[in-house]
Amino acid sequence: MTTARFAPSPTGRLHVGNIRTALHNWMLARQSGGTFVLRIDDTDAERSKEEYVEAIREDLAWLGLAPDREERQSSRLDSYERAFARLRDEGRIYPAYETQQELELKRKIRLGRGLPPIYDRAALEMSDDKRAAKEADGVKPHWRFKLDHEQPIRWDDGIRGAQKFDPAQLSDPVIRRADGSWLYMLPSTVDDIDMGVTQVLRGEDHVSNTAVQLQMFTALSARPPAFAHEALLVGKEGKLSKRLGSLGCDAFRERGIEPEAIIALLARLGTSLPVEPIAERETLLETFDLSTFGRAPAKFDESELERINTAMVHAMSYEAVRERLPKGMDETGWHAVRPNLVRVEDTGEWWRLVTGPIDQPEFAQEDRAYLREAAQALEWGDDPWGDLTGTLKSSTGRKGKALFLPLRQALTGMNHGPDMGELLPLIGEDEARERLHRAGRE
Ligand code: GLU
């Protein structure tokens, strides 16, 4: 059974990239009957906001990705403190005193010499005297995790395959600031251990973090989870896009995008499986497989989302939407209107063709005579539209557009719209006759 986690920082709303990561982790957990943990990464007290924590919960609920368990880093500080003390005692964490400017200068010098800009471990070599002098000056250290350069880093990535890092080519990461606050790296590892996470799936921007964290798992005598890193989501032009960074559930909701359309698209985007308007999560779960994920960035195309959404709306059952329909609209009404919708929210516009009032166009003399004849010919049987057009076809000799369009315009005020065979019975006999009369007035 898989324990997977989604670990957003509550410093903003979820965007489509986060939603995709959340979904894939949810799927990994659901597929195995395991646990989906929402972990709120709120160690950055200044940037983390309670309103974002709530928004994250609401968005996940709206998407149908509610977690089985929620954890918060801000309530787990004791665990980080314990891990810190242990690693420090074992010589795996050391204090460093450089200022930002000093570090930046070192970076530039190394780059200028054609060396990788990694930290030179000067703090490790610092004499006790020098350290004491710094402390006496009131300089508080930040803390780095000491990578074991003798221990090569390897893992079999669920998406990227065999991965290998030389720890000597990585900087010893800063894990704690001088004010005692935590950076992401160690708390995340401690959490993954304590929460029994068995599978970490995240964006490929975390690949080098994984390299470092693998050594942390070992240093803490824990078995690391399986890791997989998915290619990032980019705009349809293939570039990282600012727009995607702000595109979230609010924008989707506003545009009438159904959560299931987002899920269907994001479940398969960037995989070798076809993106289809699949509303059943079971089907998506059955086919979800990390080995189908490609290494190329996944391209998110808003028009593809619209297409999937439309196809899904056209297939939605009355039961699924009844709460959202205009008053008085029943299942027959929904079925009549559904094929014309782009969004469920547009139902009201089409339903007004039934309830009226409608706006009829001005008809030419000849069409007005035709519509008067139609008002006379209208009979109310099982299929009033079929009967009416059948009768008019033989009595007037009209066919095609000339036969149908004036009728549709008179009855609905529109040039196109739902199937008239379904719509006319909903308009009702009296109202239909009245509309035809009105349109045919001399
Ligand atoms: N809070 C981190 C982020 O949003 C979590 C990364 C992870 O999944 O470990 O990038």
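The values are calculated or read from the model by the stated rules, or taken from the named source; none is laboratory data. Being a predicted model, the structure only gives us computed values, none of them experimental. Here the Cβ positions follow ideal geometry from the backbone for every residue, glycine too, while neighbour counts run over all protein chains shown. Surface areas here come from the heavy atoms of the whole protein model, side chains and all, with no ligands, DNA or RNA. Shrake-Rupley method; radii C 1.70, N 1.55, O 1.52, S 1.80 Å.
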Practice item. Please report, ordered by residue number, the helices (runs of 4 or more DSSP H) entirely within segment 318-417 with at least 3 residues that are within 30 Å of GLU442 (Cβ to Cβ). Key: 347-355, 365-377, 384-396, 400-412
Exercise for review: Only residues in segment 50-66 that are farther than 17 Å from SER246 by Cα count as the first member; pair them with residues that are outside any loop (DSSP other than H, G, I, E, B) and small (Gly, Ala, Ser), Cβ under 6 angstrom, at least 6 apart or cross-chain, and list the lot.
Suggested key: LEU65/ALA22
Point to revise | The lone exception for ASP41 - which of (1) within 13 Å of the ligand (Cβ to nearest atom); (2) closer than 30 Å to LYS140 by Cα; (3) in contact with a strand residue (DSSP E or B) (Cβ under 8 Å, 6 or more places away or on another chain); (4) open to solvent by less than 20 Å² (accessible area, probe 1.4 Å) it fails | key: (3)
Check your understanding: Of all residues in segment 17-35, which are surrounded by fewer than 23 Cβ atoms within 10 Å (Cβ to Cβ) and either farther than 26 Å from VAL234 by Cα or β-branched (Val, Ile, Thr) (or both)?
Key -> THR21, ARG30, GLN31, SER32, GLY33, GLY34, THR35
Revision key, fill the gap. Counting only residues in segment 348-372 that are under 14 Å from ALA439 (Cα atoms) and crowded, with 16+ Cβ neighbours inside 10 Å, the one nearest to the chain's Cα centre (by Cα) is identified as ILE358
Practice item. Give segment 336-366 a look and list any residue that's charged (D, E, K, R) and without any contact (Cβ under 8 Å) to a residue 40 or more places away in the chain, or say none. Key: ARG338, GLU349, ARG352, GLU362, GLU366
**Study point:** Close pairs from segment 75-93: first within 16 Å of GLY180 (Cα to Cα) and at pLDDT below 95, partner of a type outside the set (D, E, K, R) and assigned to a loop (DSSP other than H, G, I, E, B), Cβ under 8 Å, at least 6 apart
**Key:** none
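Can you find even one residue in segment 143-154 that is away from the ligand (no atom under 15 Å from the Cβ), assigned to a strand (DSSP E or B), on the phi < 0 side of the Ramachandran plot and aliphatic (A, V, I, L, M)? Let's see the steps before the verdict.
Restricting attention to segment 143-154, the residues satisfying the condition of being away from the ligand (no atom under 15 Å from the Cβ) are 143-154.
From what's left, assigned to a strand (DSSP E or B): 143-145, 153-154.
Now drop any that are not on the phi < 0 side of the Ramachandran plot, which leaves 143-145, 153-154.
So of that shortlist, the ones also aliphatic (A, V, I, L, M) come out as 153.
For segment 143-154, residues away from the ligand (no atom under 15 Å from the Cβ), assigned to a strand (DSSP E or B), on the phi < 0 side of the Ramachandran plot and aliphatic (A, V, I, L, M): present.
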Study note, to complete from the structure: SER246: passes all of (1) touching a residue at least 24 places away in the same chain (Cβ under 8 Å); (2) open to solvent by 30 Å² or more (accessible area, probe 1.4 Å); (3) touching a helix residue (DSSP H, G or I) at 6+ places or on another chain (Cβ under 7 Å) but (3)
Check your understanding: If you check ARG5 against the conditions, is it within 30 Å of ALA267 (Cα to Cα), touching a residue at least 40 places away in the same chain (Cβ under 8 Å), of a type in the set (Lys, Arg) and out of contact with any Lys or Arg (no Cβ under 8 Å at 6 or more places or on another chain)?
Key -> no
**Study point:** Of the criteria (1) open to solvent by less than 10 Å² (accessible area, probe 1.4 Å); (2) within 15 Å of the chain's Cα centre (by Cα); (3) of a type outside the set (D, E, K, R); (4) within 14 Å of the ligand (Cβ to nearest atom), which one PRO10 fails
**Key:** (2)
Exercise for review: Identify, from the list SER75, SER48, SER79, the residue that is over 13 Å from the mean Cα position of the chain (by Cα), within 11 Å of the ligand (Cβ to nearest atom) and of a type in the set (S, T, N, Q).
Suggested key: SER48
Practice item. For residues that are over 18 Å from LEU325 (Cβ atoms) and in a helix (DSSP H, G or I), scanning just segment 249-258, find the one that is most open to solvent (accessible area, probe 1.4 Å). Key: GLU254
Check your understanding: Quick one: ASP59 ticks every box in (1) within 14 Å of the ligand (Cβ to nearest atom); (2) surrounded by 14 or more Cβ atoms within 10 Å (Cβ to Cβ) bar one, so which box is it?
Key -> (1)
